[in-house]
1. Taking all protein chains as present, what is the carbon and sulfur share of the accessible area of segment 65-189, in % to the nearest whole number, probe 1.4 Å?
2. Would you list which aspartates and glutamates come within 19 Å of Lys121, measuring only between C-alpha atoms, while excluding same-chain residues fewer than 8 positions from it?
3. Could you tell me the convex hull volume per residue, in Å³, taken over the Cα atoms of the chain?
4. What is the Cα centroid distance between segment 43-62 and segment 84-104, reported in whole angstrom?
5. Arrange the peptides 129-135, 52-58, 99-105 so that the one whose residues have, on average, the most other Cβ atoms within 10 Å appears first.
6. Under 9 Å from the Cβ of Phe90, count the other residues' Cβ atoms, weight Lys and Arg +1, Asp and Glu -1, and hand me the total.
7. If I take every Cα pair under 8 Å that is 6 or more residues apart in the chain, average their sequence separation and divide by the length, what percent do I get for the relative contact order?
8. On average, how much accessible surface per residue is there in the chain, in Å², for a 1.4 Å probe, leaving out ligands, DNA and RNA?
Amino acid sequence: ACETLQITHFREEGIPGPDTFATLAWFPEKGFELTMWCFEEDPLAVYRNPNEPVHTDSCMECFLNVFPELTGKGYISVEANANGASHSSFGTDRHNRDYILNLGQPHPEVEVTYHVRDGHKCWQTRCLIRRDVLEALYGRPCDFGPGHKMRANFYKCAEAVAQPHWGAWSAVSRLDFHMPEHFGILEIV
């Protein structure tokens, strides 16, 4: 069982974006399964390769810090467009990060599907944030059990569209998603 989170905090610099949801499920033998879906008729999807600027397309994103008590480590980001192209990096903030590939770890694979839910078109991304990758990035075992608390945020954005939007699950105080001080708390149950 896992809670469905909804992105409801859209920045005033854009318009309210489409209804967007996320789940993050922990599977001890594999890692975190991230699923996000968005009720968007025709998502902009230009980019197709790892670490291209997918945030300018219609994009759904997860920023996850599995050990928030560790200083100097930070959070992993997975940002994906409707082509399944994704950007993934690790670090403490916007300016102190590196691509997962540059850190010797495999780039997350994102699967995209299109559905009709409740009579409306939506697109969905699914990706595994692998346990072994997290252990390598944080330098410690990921033996998470019930009660383990993490910090995270989930986003929906589209910059290079006629009506741009930037939304977050946990509100941010300015137009910048790389603000770990605004991440919400998640707990493994």
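1. Working: 2860 of 5940 Å².
The value for segment 65-189 is 48 percent carbon and sulfur by accessible area.
2. Straight-line reach from Lys121, under 19 Å: Asp19, Glu40, Glu41, Asp42, Asp57, Glu111.
3. 113 Å³
4. Distance between centres, Cα-based: 14 Å.
5. Numbers: 129-135: 18.3, 52-58: 20.7, 99-105: 15.3.
Going by the mean number of other Cβ atoms within 10 Å, highest first, we get 52-58, 129-135, 99-105.
6. +1
7. 27 percent
8. Counting only protein heavy atoms, the per-residue value for the chain is 48 Å².
The values are calculated or read from the model by the stated rules, or taken from the named source; none is laboratory data. Values in this document were obtained by computation on a predicted structure and should not be read as measured data. Don't worry about glycine lacking a Cβ; one is built from the backbone with ideal geometry, like all the others, and counts go over all protein chains shown. Note: areas computed on protein heavy atoms with side chains; ligands, DNA, RNA excluded. Shrake-Rupley method; radii C 1.70, N 1.55, O 1.52, S 1.80 Å.
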